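The values are calculated or read from the model by the stated rules, or taken from the named source; none is laboratory data. This structure is a prediction, so every number in the text was calculated from the model and none was measured. Please note: Cβ atoms are built from the backbone with ideal geometry, for glycine as well, and neighbour counts cover all protein chains shown.
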Amino acid sequence: MQYLNATTSRVLLWIMLLNVLLLSGCTSIKLISDYDETTDKAVTALQRKMSTFLVDVESKLGTPNAEHKNYVETYKELRVDISAIELRVNALPNNRITQEQIKTLKDNIGLLETLHKTGFAGDLNSQKSVLATVQKDFDTALSAILKLELAKRRGEKTQE
């Protein structure tokens, strides 16, 4: 058996290292799910429905028409919509951040309904202030979900 001299050994070692580096550059690690148009559209529709609902409640504050009992169907629809979105995002691999965002949104819809049942306590100005804060918070949450989906579509670097 013939042994390689030291120079040849070093050259072969460098060639092997270069090959490893070149091959590792050809692989990719997927840290987050791909853009999902269905989620994008569903969240956008949910935002519209939520805004319409909150504007409607605000316009009726101070009257019996603003009571929770008049919005039971709306809350059912919101829960169905968020459950459908939750099912969708849970089915996609590497989608933990979006899953957490949707879970928080679902919890917040439940909290809003509980608050609505109490009648948005306080005078009319306080009630309007509460609803304005609720609207802002939901817009922020829904916007964050949409921003992440749009970042996925553009291929921005996001770690899950």
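Structure summary
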{"read-out": "Qualifying residues in the range 110-150 (those that are among the acidic types (Asp, Glu) and assigned to a helix (DSSP H, G or I)) - the one surrounded by the most Cβ atoms within 10 Å (Cβ to Cβ)", "value": "149"}
{"read-out": "Subset of the range 80-95 (residues that are assigned to a helix (DSSP H, G or I) and either farther than 19 Å from residue 143 by Cβ or free of Cβ contacts under 8 Å to residues at least 40 places away in the same chain (or both))", "value": "80, 81, 82, 83, 84, 86, 87, 90, 91"}
{"read-out": "Filter result for residue 31 (at pLDDT below 70, surrounded by 10 or more Cβ atoms within 10 Å (Cβ to Cβ) and either in contact with a helix residue (DSSP H, G or I) (Cβ under 6 Å, 6 or more places away or on another chain) or of a type in the set (A, V, I, L, M) (or both))", "value": "yes"}
{"read-out": "Residue satisfying all of: in the range 45-73; of a type in the set (Lys, Arg) and free of Cβ contacts under 8 Å to residues at least 12 places away in the same chain; surrounded by the most Cβ atoms within 10 Å (Cβ to Cβ) among these", "value": "60"}
{"read-out": "The range 83-103, subset aliphatic (A, V, I, L, M), within 11 Å of the chain's Cα centre (by Cα) and within 16 Å of residue 152 (Cα to Cα), residue surrounded by the most Cβ atoms within 10 Å (Cβ to Cβ)", "value": "89"}
{"read-out": "Qualifying residue in the range 117-127 (condition: under 17 Å from residue 45 (Cβ atoms), out of contact with any strand residue (DSSP E or B) (no Cβ under 7 Å at 6 or more places or on another chain) and modelled with pLDDT under 95)", "value": "no"}
{"read-out": "Test result for residue 40, over 20 Å from residue 135 (Cβ atoms) and either at pLDDT 95 or above or in contact with a Gly (Cβ under 9 Å, 6 or more places away or on another chain) (or both)", "value": "yes"}
{"read-out": "Residue pairs meeting the criteria (Cβ under 6 Å; at least 6 apart or on separate chains; first more than 15 Å from residue 72 (Cβ to Cβ), in the range 110-130; second modelled with pLDDT under 90 and surrounded by 15 or more Cβ atoms within 10 Å (Cβ to Cβ))", "value": "127/120; 130/120"}
